[in-house]
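Working notes for the structure below.
The values are calculated or read from the model by the stated rules, or taken from the named source; none is laboratory data. Quick caveat: nothing in here was measured; it's all calculated off a predicted structure. In this analysis, Cβ positions are derived from the backbone assuming ideal geometry, glycine residues included, and neighbour counts consider all displayed protein chains. Note: areas computed on protein heavy atoms with side chains; ligands, DNA, RNA excluded. Shrake-Rupley method; radii C 1.70, N 1.55, O 1.52, S 1.80 Å.
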Amino acid sequence: MTIAMYPGSFDPVTNGHVDIIQRAAAIFDKVIVAVAVNSKKKPLFNEEERMELLRQSVRHISNVSVVKSEGLTVDFARKHDAKVLVRGLRAVSDFENEMQISGINRHIDPGIETIFITADSAYNFLSSSIVKEAASFRADISKLVPPPVQEAIKQKF
Ligand code: ADP
């Protein structure tokens, strides 16, 4: 049984994230979505809200669970028996940062492998930040985020 962990801030989860989760869930026996608590960024949604929105958005995928992640990602992955870290790659701009993160993770624990799933062309412009910015100007984000997120963002702005 191969368990994969998909770590991120998910502030909030977008259709791009859900697409990666769905595709990872088709490859691995189990996918654990790990919601970062100690994010450097000041989040719009607190960790409980981010986890709840994720849970509602992946309800239709049976082998996915959502947990709160604290501390080092590789330590957390090992604690959950996850041997693989999944990250999404959108543009070249993601690449440098992701190479650095996967490099340090591999340095700390070579037993945990990072794999990248490339963004679907429908979502390669999509990020949580761009969704928040668009929503703050009342733009229609219905095609960019799962319905529960659309509702939750409305409440924030
Ligand atoms: P982080 O703050 O750790 O980058 P994010 O929630 O922004 O967390 O993203 C989590 C992961 O999902 C990252 O690997 C990111 O590149 C990827 N990701 C974000 N948006 C998309 C998207 N639209 N398509 C594919 N992957 C994405």
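A few remarks follow.
- For the range 132-146, filtering for residues that are open to solvent by 100 Å² or more (accessible area, probe 1.4 Å) and assigned to a helix (DSSP H, G or I) leaves 1.
- Pick from the range 70-108, criterion within 10 Å of the ligand (Cβ to nearest atom) and outside any helix (DSSP H, G or I), ranking: surrounded by the fewest Cβ atoms within 10 Å (Cβ to Cβ): 91
- Members of the range 21-49 found to be farther than 14 Å from residue 65 by Cα and near the ligand (Cβ under 10 Å from one of its atoms), listed by number: 23, 36, 39, 40, 41, 43
- Residue 61 vs. criteria over 23 Å from residue 144 (Cβ atoms), out of contact with any Pro (no Cβ under 8 Å at 6 or more places or on another chain) and either open to solvent by less than 50 Å² (accessible area, probe 1.4 Å) or assigned to a helix (DSSP H, G or I) (or both): no
- Residues that are open to solvent by 30 Å² or more (accessible area, probe 1.4 Å) and under 21 Å from residue 72 (Cα atoms), drawn from the range 18-54: 30, 37, 38, 39, 40, 41, 42, 43, 46, 47, 48
- Cross-chain or 6+ apart pairs with Cβ under 8 Å, the range 138-151 first and in contact (Cβ under 8 Å) with a residue 60 or more places away in the chain and within 15 Å of residue 128 (Cβ to Cβ), then outside any helix (DSSP H, G or I) and open to solvent by 50 Å² or more (accessible area, probe 1.4 Å): none
- Applying the criterion of being closer than 14 Å to residue 82 by Cβ and assigned to a loop (DSSP other than H, G, I, E, B) to the residues of the range 1-17, the residue that is most open to solvent (accessible area, probe 1.4 Å) is 1.
- Scanning the range 76-135 for residues that are over 14 Å from the mean Cα position of the chain (by Cα) and of a type in the set (Lys, Arg) returns 78, 79, 83, 106, 132.
- Each residue in the range 119-131 was checked for being in a helix (DSSP H, G or I), surrounded by 15 or more Cβ atoms within 10 Å (Cβ to Cβ) and hydroxyl-bearing (Ser, Thr, Tyr), and 1 of them qualify.
Table: residues versus (1) of a type outside the set (Lys, Arg); (2) in contact with a Phe, Trp or Tyr (Cβ under 7 Å, 6 or more places away or on another chain).
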site	(1), (2)
28	yes, no
33	yes, yes
42	no, no
57	yes, no
60	yes, no
73	yes, no
78	no, no
83	no, no
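- Residue within the range 34-43 that is closer than 20 Å to residue 123 by Cα, part of a strand (DSSP E or B) and under 13 Å from the mean Cα position of the chain (by Cα) present: no
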